[in-house]
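Visitor: The structure that follows is given in the form of structure tokens.
Each value in this text was obtained by applying a stated rule to the coordinates, not by laboratory testing. On a predicted model such as this, the values are computed, not experimentally measured, just so you know. Virtual Cβ from ideal backbone geometry, glycine too; neighbours counted across all protein chains shown.
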Amino acid sequence: MMTKAEIVAQILNGRGRAPAAGGYAFAPSNIALCKYWGKRDEELNLPVTASLSISLGRLGSTTKLSLRPDSDVVRLDKKELAPDSPFARRIGAFLDLFRRDAGMYFEVEAVNTIPTAAGFASSASGFAALVTALDELFGWELDKRELSILARLGSGSACRSLHHGFVEWRAGTRPDGMDSYGERLDAAWPELRLGLLVITAAEKSMGSRPAMKRTIETCALYKSWPEKAAADLALLKKAIAEKDFHLLGATAESNALAMHATMIASWPPVVYWRPESLAAMQAIWAARANAVPVYFTMDAGPNLKLIFQAGDEAAVRGVFPDLKVVRPFDAEP
Ligand code: DP6
């Protein structure tokens, strides 16, 4: 098994120049329509299956980076994090991969444009923005594929946040993961809308990383997941190519529910649903029965992400007045 440091050395391969004064980058959040659930390599975050996501346009993370002489400082949404907080340690461990000498420290100023308090901010856009800012600071001039591989070392789903629009994370087969990265699909769907439905802003019970591991280790149903994910990936690509909204929504919803089924069938069980999550699902199913085309997806938490099209926004808001509506294709270059 290879280490992260070996992969970084292979990609950087002596590239770069004297550090610039700073680096700055934005990366969009992404929501998986076909989920990444399960690793074949925990060190390199190599997935068991391919996955497919949609980026959240202007919602994501900005990261400003500069060098400091004495110790790392990490600020998140304008608040300085305690050096021993889980997030600061995770960033520090990732930055260790890129220090040129023992006396090189970083000041990291991360701001989420997606409301952190609403429970939607994930590490994905954060690591994607961080590697892009590092590239600027050190002048590596890496391409998106290489940046995606570096971002994956921080968090798997981060490799899908280097692009806008629909992104496929190719699972790859190589042990070094050089063929496992996010790639933009050549497709736009400007009328597509995502609705962020906050069930609770409370800290989630368990992070996705240990939950994923427990599923692989204890869930008998997980054996069927790779086949389900492969079938859904093909259906989603067809739905995107043909702009078949019902196929897109139904496939994404079914994929999310199948992922949650594997969590629930793990031991000890992993259940992210709150009673209000189920109530929201039932309201969505009732809306569909009333001819409102709306579907949902859900990640490792209680909140729902609704999927619908611009023409149905008023009807969907009628059911969910507090919905935060995102236009994924608004920030297209
Ligand atoms: C449920 O990418 O956060 O959101 O690779 O361990 O950092 P690590 O996991 P992470 O897992 C995301 C899981 C998910 C599904 C998805 O985004 O595809």
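Visitor: From largest to smallest, what semi-axes in whole angstrom does segment 238-333 give when each is the square root of 5 times an eigenvalue of its alpha carbon gyration tensor?
Guide: That gives 24, 17, 14 Å for the three semi-axes.
Visitor: OK, next. Sorted from largest down, what three extents in whole angstroms do the Cα atoms of segment 28-165 have along their principal axes?
Guide: On the principal axes, segment 28-165 reaches 43, 30, 27 Å in Cα extent.
Visitor: Any lysines with Cα under 29 Å of the Lys237 Cα? List them, leaving off those in the same chain fewer than 8 positions away.
Guide: Lys35, Lys39, Lys144, Lys213, Lys223, Lys228, Lys305, Lys324
Visitor: What would the Debye equation give as log₁₀ I(q)/I(0) for segment 82-135 at q = 0.15, 0.30 Å⁻¹, counting only Cα atoms as equal point scatterers?
Guide: -0.47, -1.42
Visitor: Give me Lys79, Lys324 sorted ascending by neighbouring Cβ count inside 10 Å, so fewest comes first.
Guide: Result, fewest neighbours first: Lys79, Lys324.
Visitor: Counting other C-beta atoms within 10 Å, which of Leu304, Leu150, Leu278, Leu233 has the fewest, and how do the rest follow?
Guide: Leu278, Leu233, Leu304, Leu150
Visitor: Now, a different point. Report, in debye and to the nearest 20, how large the dipole of segment 12-164 comes out about its Cα centre when Lys and Arg carry +1 and Asp and Glu carry -1 on their Cβ.
Guide: My answer is approximately 400 debye.
Visitor: Over segment 1-86, consider all pairs of different Cα atoms and compute the Kirkwood hydrodynamic radius from their mean reciprocal separation; express it in Å, one decimal.
Guide: Across segment 1-86, the inverse of the average 1/r is 16.7 Å.
Visitor: Related question: Rounding to the nearest 10 and keeping the result within 0 to 90°, find how far the Cα-based axis of helix 123-138 lies from the longest principal axis of the chain.
Guide: 30
Visitor: Could you work out how much longer the chain between Arg99 and Ala310 gets when fully extended? Use 0.36 nm per residue separation minus the Cα distance between them, nm to one decimal.
Guide: Taking 0.36 nm per residue and subtracting the Cα distance, the gain is 71.4 nm.
Visitor: Go ahead and estimate [θ] at 222 nm for the chain from helices alone: -39,500 (n - 2.57) per DSSP H run with n ≥ 4, summed, over the residue count, rounded to 500.
Guide: Computed ellipticity for the chain at 222 nm equals -11500 deg cm²/dmol.
Visitor: Continuing with the same structure: Note the angle between two axes, namely the Cα long axis of helix 245-264 and the longest principal axis of the Cα atoms of the chain, as a number of degrees from 0 to 90, rounded to the nearest 10.
Guide: The angle comes out near 70 degrees.
Visitor: Using only Cα atoms and rounding to the nearest 10 degrees, what angle (0 to 90) does helix 86-96 make with the longest principal axis of the chain?
Guide: Helix 86-96 sits at roughly 50 degrees to that axis.
Visitor: Can I ask one more? What is the distance in Å between the Cα centres of segment 200-254 and segment 1-31?
Guide: A separation of 29 Å, based on Cα centres.
Visitor: Same structure again: Could you tell me which residue out of Ser61, Leu81, Gly139 lies farthest along the dipole of segment 1-155 toward its positive end? Charges go on the beta carbon: Lys and Arg +1, Asp and Glu -1, centred on the Cα centre.
Guide: Toward the positive end, the furthest listed residue is Ser61.
Visitor: In terms of the ratio Rg/(2.2 N^0.38 Å) built on C-alpha atoms, what value belongs to segment 119-217?
Guide: 1.22
Visitor: What residue among Val198, Met259, Leu248 has its Cα farthest toward the positive end of the dipole of segment 191-279, where the charges are +1 on Lys, Arg and -1 on Asp, Glu, each on the Cβ?
Guide: Met259
Visitor: Give me the net charge for the shell around Lys64: Cβ to Cβ below 12 angstrom, other residues only, Lys and Arg +1, Asp and Glu -1.
Guide: -1
Visitor: Hey, what does the equivalent ellipsoid look like for the chain, semi-axes from the Cα gyration tensor as sqrt of 5 times each eigenvalue, largest first, whole Å?
Guide: Sorted largest first and rounded, they come to 33, 21, 20 Å.
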